[in-house]
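Engineer: I have a structure here, written as structure tokens, and I will follow up with some questions on it.
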Amino acid sequence: MLGTGRRYVLPCELVQADFQVLDSYHAAGIALMVSAFGSTDSPVSSGIDPVDCAKRLADWVKKYKLDGVDIDWEDMNAMNTGIGETWIITFQSELRRQLPAGQYLISHAPVAPWFTSGSNYPNGAYVAVHKQTGSGIDFYNMQFYNQGSGVYEDCQVS
């Protein structure tokens, strides 16, 4: 589910054959999740309401019998200016309310620098998000790519 401007773009409808494949994965103990947002989506900067967005995403996950959602939120401008944290915290809180722990998985895929304690992010970036809603996030898929030349190319710690 992508928020573009003030409208939502939903993936194509699943057909019965898709549900049969999904059932076979579930029978094998495999969880299937949808990824939301991405590098081309800026929900905060586009004025998307976080509660409405979370409800719509949760409804879609339930409708298609998925096991959860991976939040690939990359609204760089919002995080860099210190307004992204409140949106994510509100969104995550509502998403977890709609998709209860133990029944659904929720993961987040933040860019690695957002977990720093540096002063680059005025309101704490994902450090603040984790403090407020981390107990409702099942796991993180850290993004260690697209961070610029010479970054994360080896295992050296500076």
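The values are calculated or read from the model by the stated rules, or taken from the named source; none is laboratory data. The structure presented is a predicted model; accordingly, all values stated were derived computationally and were not measured. Cβ sites come from the backbone with ideal geometry, for glycine too, and all protein chains shown count toward neighbours.
Engineer: Given (1) at pLDDT 95 or above; (2) over 28 Å from Ala31 (Cα atoms); (3) crowded, with 19+ Cβ neighbours inside 10 Å, identify the lone condition not met by Gln92.
Structural biologist: Every condition holds for Gln92 apart from (2).
Engineer: Quick check on Phe91: is it under 30 Å from Phe19 (Cβ atoms) and touching a Cys at 6+ places or on another chain (Cβ under 7 Å)?
Structural biologist: Working: under 30 Å from Phe19 (Cβ atoms): yes; touching a Cys at 6+ places or on another chain (Cβ under 7 Å): yes.
Taking the combined requirement at face value, the residue satisfies it.
Engineer: Across the range 69-88, what is the number of residues that are buried (at least 19 other Cβ atoms within 10 Å of the Cβ) and more than 22 Å from Phe144 (Cα to Cα)?
Structural biologist: Residues that pass the stated criteria total 1.
Engineer: So which residues in the range 112-126 are of a type in the set (A, V, I, L, M) and crowded, with 20+ Cβ neighbours inside 10 Å, if there are any at all?
Structural biologist: Ala125
Engineer: Is at least one residue of the range 34-46 of a type outside the set (D, E, K, R), modelled with pLDDT of 90 or more, farther than 30 Å from Pro122 by Cβ and exposed (fewer than 15 other Cβ atoms within 10 Å of the Cβ)?
Structural biologist: No, every residue in the range 34-46 fails to be of a type outside the set (D, E, K, R), modelled with pLDDT of 90 or more, farther than 30 Å from Pro122 by Cβ and exposed (fewer than 15 other Cβ atoms within 10 Å of the Cβ).
Engineer: Residue by residue through the range 45-66, note down the ones that are small (Gly, Ala, Ser) and within 14 Å of the chain's Cα centre (by Cα).
Structural biologist: Matches in the range 45-66: Ala54, Ala58.
Engineer: Can I ask one more? Which members of the range 23-66 meet the condition of being in a helix (DSSP H, G or I) and of a type in the set (Lys, Arg)? Working first, answer last.
Structural biologist: Here is the first cut: in the range 23-66, the ones in a helix (DSSP H, G or I) are 23-27, 50-63.
Correct list: Lys55, Arg56, Lys62, Lys63.
Engineer: Still on this structure, I have one more. What number of residues within the range 67-110 are assigned to a helix (DSSP H, G or I) and closer than 19 Å to Asp49 by Cβ?
Structural biologist: Of the residues in the range 67-110, the ones assigned to a helix (DSSP H, G or I) are 76-80, 84-98.
From what is left, the residues that are closer than 19 Å to Asp49 by Cβ are 77-79, 84-98.
Total satisfying the criteria: 18.
Engineer: If I filter the range 127-144 down to residues being hydrophobic (A, V, I, L, M, F, W, C) and either buried (at least 17 other Cβ atoms within 10 Å of the Cβ) or farther than 16 Å from Ala101 by Cβ (or both), which single residue comes out as modelled with the lowest pLDDT? Working first, answer last.
Structural biologist: Residues of the range 127-144 that are hydrophobic (A, V, I, L, M, F, W, C), as a first pass: 127-129, 137, 139, 142, 144.
Remaining after also requiring either buried (at least 17 other Cβ atoms within 10 Å of the Cβ) or farther than 16 Å from Ala101 by Cβ (or both): 127-129, 137, 142, 144.
Numbers: Val127: 92, Ala128: 93, Val129: 95, Ile137: 98, Met142: 88, Phe144: 79.
Restricting to residues being hydrophobic (A, V, I, L, M, F, W, C) and either buried (at least 17 other Cβ atoms within 10 Å of the Cβ) or farther than 16 Å from Ala101 by Cβ (or both), the top hit is Phe144.
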